[in-house]
Amino acid sequence: MKITEIRVIVSSPGRNFVTVKVITDEGLYGIGDATVNGRELAVVSYLEEHVIPCLIGRDPMQIEDIWQYLYRGCYWRRGPITMAAISGIDIALWDIKAKAANMPLYQLLGGASRSKIMCYAHAQGRSIDEVVEAVMAKKEDGYVAIRAQSGVPGFEGIYGIGSSKGEKNSRARIKNLPKEEVWSTEKYLPHIPKVFEKLRDVVGWDTHLLHDAHHRLTSIEAARLGKDLEPYRLFWLEDPVPAENPENYRLIRKHTTTPIALGEIFNTIWDARQLMEEQLIDYIRTTSVHAGGVTGLRRIFDFASVYGIRTACHGPSDVSPVAMGANLHIDLWVPNFGIQEFSGYREATHEVFPHAWSRDGGYLHPGEAIGHGVDIDEDLAAKYPYKRGYLPVNRLQDGTLWHW
Ligand code: EZ4
Ligand code: CO
């Protein structure tokens, strides 16, 4: 079998997605996701100018060799753009291999280790009452695990509660540039335990509750928050502190038994190695589209299993239904599975990406289609042209640029 053509499809059915289609001389094709939210066209250029010309004529069955060729062979290892490009190709190649084997991808990985995949939904509100209402709505929709994000009263612009009002966003609005939000750790820290106290009162103890701090804290602040949240038995506290210095997590570990999840922006096993070896985290959040596809993710998750760390693939709406499909096949197989994030997609996104995976209440399943079971409707995709878009940026009240 030979690769004859690789197409990069950019489409915006609600938000931007970069999709890779690898076509072979035997009529089989594979689909991959290469989306990096807010930096989409950098990956398109990387693929079209630098990757695709090298792959035409190659045997698509040699997934490992192609992965190493694109990783070691480019000299400039790692980084989100390189790794998203590798991921897009790799996911498509695994799709082809599974189709050639006439099996769903999870069978090729070693078969199902479970019958269904627990996922968690997102709930958010500006006030405690709104958060409670949003969590209850997800619970009624059948979810058994829910991430709760809350605004702080009298203070707009906290992560995860939708667009912020009353800020100087005119430049962003006019030029389609990043929105600017405002942040105050002092106001956030005492508020969040009150949110979870109320949530436990109303929602009870049978629903897993999660919270994402989005890299906004220092280690000692995260230690304090983890400690204050202990009575409410969170499933996890996510991304408390940026992880450029993994040793920052030692201090958090010394002070709290609240489980820690990390790694949605990691690209390789080396980003997570020390955190896993020292058992500084409980869940590893790497995802197929950003961490080297099925090949990269499997390597990270196997390493995690050595240290008893469980998996929790990143799965917001900017991880396309294609990468979600790849994640779900890995989730069904991986022995040390923890949970899968699932924030859902707009109707237009479902239509552009027909998929075999499905949700039943609080659980997902990749389906039994051969390959990974996710396709792209290219004609429909063409009706949703790319629009420049960014993640917001965040500033402290005195203007200092902070972590978003
Ligand atoms: O901010 O996907 O856990 N999920 C998250 C996401 C990320 C976005 C970044 O593109 O933190 O909402
Ligand atoms: Co997150």
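A few notes on this one:
- Subset of segment 310-332 that is within 16 Å of ligand 2 (Cβ to nearest atom) and polar (S, T, N, Q) - its residue that is surrounded by the most Cβ atoms within 10 Å (Cβ to Cβ): ASN327
- For first residues located in segment 193-221 and in contact (Cβ under 8 Å) with a residue 12 or more places away in the chain and under 20 Å from ASP239 (Cβ atoms), partners that are within 16 Å of ligand 1 (Cβ to nearest atom) and of a type in the set (Lys, Arg) and lie 6+ apart or on another chain with Cβ distances below 9 Å form the pairs LEU209/ARG147; LEU210/ARG147; HIS211/ARG147; ASP212/ARG147.
- Taking segment 310-404 as the region of interest, the strands (runs of 3 or more DSSP E) fully inside it that hold 1 or more residues being of a type in the set (S, T, N, Q) and in contact with a Phe, Trp or Tyr (Cβ under 9 Å, 6 or more places away or on another chain) are 393-396.
- Scanning segment 21-43 for residues that are within 16 Å of ligand 1 (Cβ to nearest atom) and touching a residue at least 40 places away in the same chain (Cβ under 8 Å) yields ASP33, ALA34, THR35, VAL36, ASN37, GLY38, ARG39, GLU40, LEU41, VAL43.
- Cβ pairs under 8 Å, 6+ apart, first in segment 304-321 and farther than 14 Å from ALA261 by Cα, second within 16 Å of ligand 2 (Cβ to nearest atom) and assigned to a helix (DSSP H, G or I): VAL319/ASN327
Conditions tested, residue by residue: (1) in contact (Cβ under 8 Å) with a residue 40 or more places away in the chain; (2) outside the structural domain of GLY315 (by TED's automatic domain parsing); (3) more than 16 Å from ligand 2 (Cβ to nearest atom).
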{"site": "LYS254", "(1), (2), (3)": "no, no, yes"}
{"site": "THR258", "(1), (2), (3)": "no, no, no"}
{"site": "GLU264", "(1), (2), (3)": "yes, no, no"}
{"site": "ASN267", "(1), (2), (3)": "yes, no, no"}
{"site": "ARG273", "(1), (2), (3)": "no, no, yes"}
{"site": "GLU277", "(1), (2), (3)": "no, no, yes"}
{"site": "THR287", "(1), (2), (3)": "yes, no, no"}
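- Qualifying residues in segment 206-245 (those that are among the β-branched types (Val, Ile, Thr) and surrounded by 19 or more Cβ atoms within 10 Å (Cβ to Cβ)) - the one nearest to ligand 2 (Cβ to nearest atom): VAL241
- Scanning segment 271-280 for residues that are assigned to a loop (DSSP other than H, G, I, E, B) and either under 10 Å from the mean Cα position of the chain (by Cα) or polar (S, T, N, Q) (or both) turns up at least one hit.
- Matching residues in segment 245-303 - criterion: being out of contact with any strand residue (DSSP E or B) (no Cβ under 9 Å at 6 or more places or on another chain) and within 15 Å of ligand 1 (Cβ to nearest atom): ILE265, ASN267, HIS290, ALA291
- Those residues of segment 97-118 which are crowded, with 24+ Cβ neighbours inside 10 Å and within 28 Å of PRO53 (Cβ to Cβ), in sequence order: ALA98, LEU105
- In segment 229-240, residue farthest from the chain's Cα centre (by Cα) [restricted to those that are within 14 Å of ligand 1 (Cβ to nearest atom) and of a type in the set (A, V, I, L, M, F, W, C)]: PHE235
- Per the listing TYR46, TYR75, TYR106, the residue uniquely free of Cβ contacts under 8 Å to residues at least 24 places away in the same chain, away from ligand 2 (no atom under 16 Å from the Cβ) and aromatic (Phe, Trp, Tyr) is TYR75.
The values are calculated or read from the model by the stated rules, or taken from the named source; none is laboratory data. Computed from a prediction, not measured in an experiment: that's the story for all the values here. Cβ sites come from the backbone with ideal geometry, for glycine too, and all protein chains shown count toward neighbours.
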